[in-house]
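To start, the structure under review is shown below, and the notes come after it.
The values are calculated or read from the model by the stated rules, or taken from the named source; none is laboratory data. A quick note: this is a predicted structure, and the numbers were derived from the prediction, not measured. With ideal geometry, Cβ positions are generated from the backbone for all residues, glycine too; neighbour counts draw on all protein chains shown.
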Amino acid sequence: MKRILLIASLLLIILITFIEAYDARNVENLSYIIAIGIDKSDSEDEPLSLTIQIAKPDTSEGNGTKIKSELSTVQCNSFNLGLAMLNLANVNELNLSHCSVIIISEDVAKEGIGDFINTIANNIEIRPTCNVLISQNKAKEYLEVTSKLEDISSKFYNSYIKSAEITSYVTPCKLSDFYSSLHQDVKTPVALYSFVKEDNIESLGLAVFKDYKMVGRLSGLDTICYNILTNNFKQATIEVYNPQEPSLALSVAISHDKNTDINVKLENGIPKITCNVKIKSTVLTGNKNFDYSTENSLKEIESEINKFLTQNITAFLYQTSREYKSDIIGFEGFFKRNFLTEDELNKYDWEKLYEKAEFKVETENYLKSGFLFSKN
């Protein structure tokens, strides 16, 4: 009996060893895609140009292993066919599990992404946390710039987006959220907007979608408004009117205080949308001639901050409803709370209602004290 147990144990050890060795060989035989670029091609038969960025270990300098990257491009008429063509041309099997960003050129986004975005989202290898990015330039050009960087891997894109997020001029746009918003969610989708500037890449603002097409672009300030209303806001620096020195703008740091309260009511067939914004602020500008020590000066500054945010958030909301006709905030979800049954809700077409919505923005600002308020 002991001999049988010993033989069984040895066989189990050998089996585990072979499985581990098989997995190790498989990893070595894979090429990891860290970014995908989608452009228009010059061919009518093959309208898409698909570019992949593959991570490649580089030990040529003898100072440890660095990650370089290489690009491969094909013209195709579908995403899956293009990927299959790239697989045939590649020595190792392509793997999408480390893909961090999907870059779509603005030209393609404006014509419509319905032909491939569903296929990409349904690919089991691509993680739902992968970011969707719209490039002002060709996606291939964008990837060519990043490929010049040293030690680039999937972590580069994640850290790049995270660092840009701190300013609140951008916001993460995960594939899972983008896909959900495209398919009967309560808000329409947005995507990161980026562009090539000389030998660098920059992200600023958001691309606005309606259905499967890009219909507009938001500025960095608009994106701050978007983040405040969707409770994704962290911090930002703005410049407001300086009541003590009109010729010199007053720099103010604003940060999240409490979530924005949103209320949507229907009055005479028009949605009345109220947004109560709550933020904290700190004055950054300093000058020996400025006096921030009095209660009146503090109230003046608070009033200017509130005025700045109220005006810009209101303008942003009317732009999305009147010009883009796209509910990117998700007011429809608040509208639905007014109805007890689905039959009552179905009497109204929110998409048409939103185009004539009226907005009221109220801003509450808590100005934190600091050294600037101590008069010498």
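For the reader, a short list of remarks on this structure follows.
- Qualifying residue in the stretch 310-322 (condition: part of a loop (DSSP other than H, G, I, E, B) and either of a type outside the set (Gly, Ala, Ser) or outside the structural domain of residue 207 (by TED's automatic domain parsing) (or both)): no
- Among the residues listed as 163, 251, 181, the single one being under 24 Å from residue 120 (Cβ atoms) and either in contact with a helix residue (DSSP H, G or I) (Cβ under 8 Å, 6 or more places away or on another chain) or polar (S, T, N, Q) (or both): 181
- Residue within the stretch 263-272 that is touching a helix residue (DSSP H, G or I) at 6+ places or on another chain (Cβ under 9 Å), more than 30 Å from residue 350 (Cα to Cα) and polar (S, T, N, Q) present: no
- Flag: residue 233 matches the condition of being at pLDDT below 95, over 21 Å from residue 325 (Cβ atoms), assigned by TED's automatic domain parsing to the domain that holds residue 357 and aromatic (Phe, Trp, Tyr).
- Subset of the stretch 142-174 (residues that are at pLDDT 90 or above and more than 13 Å from residue 35 (Cα to Cα)): 173, 174
- Number of the condition not met by residue 131 [criteria: (1) polar (S, T, N, Q); (2) touching a helix residue (DSSP H, G or I) at 6+ places or on another chain (Cβ under 7 Å); (3) modelled with pLDDT under 85]: (3)
- Every residue from the stretch 86-112 that is among the hydrophobic types (A, V, I, L, M, F, W, C) and modelled with pLDDT of 95 or more: 102, 103, 104, 108, 109
- Of the helices (runs of 4 or more DSSP H) contained entirely in the stretch 325-376, those carrying at least 1 residues that are of a type in the set (A, V, I, L, M, F, W, C), touching a strand residue (DSSP E or B) at 6+ places or on another chain (Cβ under 9 Å) and at pLDDT 90 or above fall at 331-336, 350-354.
- All positions within the stretch 186-200 that are of a type outside the set (Phe, Trp, Tyr) and touching a residue at least 24 places away in the same chain (Cβ under 8 Å): 186, 187, 188, 189, 190, 191, 192, 194, 196, 199, 200
- Some residue of the stretch 285-298 being in the same structural domain as residue 336 (by TED's automatic domain parsing), in contact (Cβ under 8 Å) with a residue 40 or more places away in the chain and within 25 Å of the chain's Cα centre (by Cα): no
- Wholly within the stretch 89-170, strands (runs of 3 or more DSSP E) carrying at least 2 residues that are buried (at least 21 other Cβ atoms within 10 Å of the Cβ): 101-105, 131-135
- So residue 181, is it small (Gly, Ala, Ser) and at pLDDT 90 or above: yes
- Residues satisfying the stated conditions in the stretch 233-286, i.e. more than 22 Å from residue 335 (Cα to Cα) and aliphatic (A, V, I, L, M): 236, 238, 240, 248, 249, 250, 252, 253, 254, 279, 283, 284
- Screening residue 194 with (1) at pLDDT below 85; (2) crowded, with 23+ Cβ neighbours inside 10 Å gives one miss only, at (1).
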